[in-house]
Amino acid sequence: MFSINKNRIIAATLAAAVMTSGTPVYAATATGSLMVTATVLASCTVVGSTIAFGNYTSTQVDQTGNLAVLCTNGTSYTIGLDAGAGTGATTSVRKMTGSLGGTLNYALYRDSGRTNNWGSTIGTDTQAGTGTGLLQNLTVYGRIASAQTPLAGVYTDTVTVTLTY
């Protein structure tokens with residue numbers, strides 16, 4: 001009998017010890033926040049190609065060039081072309097200057113039908129667009145009208161492209 005009581009006392013003591021020392025301890029937690037920010041600046045670049053009309057023999061010559069535009073996604077822009085460097089040139093009648101003197105008139109357009117002049121007045125004769133974050137190619141349509149009688153030589157002009165965003 002003594003061993004049964006002794007066993008009961010030991011079991012009860014062990015049970016009490018386990019219950020008091022075995023109480024689970026929970027860790028406390030706290031939460032907060034970490035702010036993460038970035039600023040994406042609107043930016044654009046533009047690069048123009050060459051419009052090479054080739055040989056002019058007093059007949060109309062049409063040719064195209066390209067403007068490569070890269071703007072931040074969602075950035076609105078307009079592209080204007082100035083009159084060029086030829087003496088007396090305007091945005092509707094540009095003038096290439098000959099290596100031996102003289103000029104050769106030409107025009108630049110925004111459409112393949114060559115009816116919409118490409119000038120430099122925003123909202124009137126410029127090309128508008130919205131950046132995609134990817135390279136966008138815009139075609140410049142050029143024309144040298146027929147029936148001009150320029151001096152022989154090589155004719156060149158430089159047109160400034162202005163991208164406004």
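Details
- Test result for residue 87, under 15 Å from residue 158 (Cα atoms) and surrounded by fewer than 17 Cβ atoms within 10 Å (Cβ to Cβ): yes
- Evaluation of residue 101 against (1) modelled with pLDDT under 95; (2) in contact with a Cys (Cβ under 8 Å, 6 or more places away or on another chain) (one fails), failing number: (2)
- Near pairs, Cβ below 8 angstrom, 6+ apart or cross-chain, from segment 129-158 (of a type in the set (D, E, K, R)) to any residue that is open to solvent by 50 Å² or more (accessible area, probe 1.4 Å) and assigned to a loop (DSSP other than H, G, I, E, B): 143/60; 157/85
- Scanning segment 64-81 for residues that are among the β-branched types (Val, Ile, Thr) and either assigned to a loop (DSSP other than H, G, I, E, B) or open to solvent by less than 50 Å² (accessible area, probe 1.4 Å) (or both) returns 69, 72, 75, 78, 79.
- Scanning segment 117-134 for residues being touching a Cys at 6+ places or on another chain (Cβ under 7 Å) and either within 10 Å of residue 78 (Cβ to Cβ) or open to solvent by 70 Å² or more (accessible area, probe 1.4 Å) (or both) gives a total of 0.
- Any hit, segment 66-86, residues being touching a residue at least 40 places away in the same chain (Cβ under 8 Å), small (Gly, Ala, Ser) and in contact with a Cys (Cβ under 8 Å, 6 or more places away or on another chain): no
- Any hit, segment 104-116, residues being of a type in the set (Gly, Ala, Ser) and open to solvent by less than 20 Å² (accessible area, probe 1.4 Å): yes
- Where a residue in segment 92-107 is free of Cβ contacts under 8 Å to residues at least 24 places away in the same chain and at positive phi and its partner, wherever it lies, is among the aromatic types (Phe, Trp, Tyr) and open to solvent by 30 Å² or more (accessible area, probe 1.4 Å), with Cβ under 8 Å and at least six apart: none
- Residues that are aliphatic (A, V, I, L, M) and more than 28 Å from residue 42 (Cα to Cα) do not occur anywhere in segment 116-135.
- Applying the set (1) modelled with pLDDT under 90; (2) closer than 14 Å to residue 142 by Cα to residue 19 leaves exactly one unmet item: (2).
The values are calculated or read from the model by the stated rules, or taken from the named source; none is laboratory data. Computed from a predicted model, the values in this text were never measured in an experiment. In this analysis, Cβ positions are derived from the backbone assuming ideal geometry, glycine residues included, and neighbour counts consider all displayed protein chains. When the accessible area is computed, the model is the full protein with side chains, heavy atoms only, and any ligands, DNA or RNA have been set aside. Shrake-Rupley method; radii C 1.70, N 1.55, O 1.52, S 1.80 Å.
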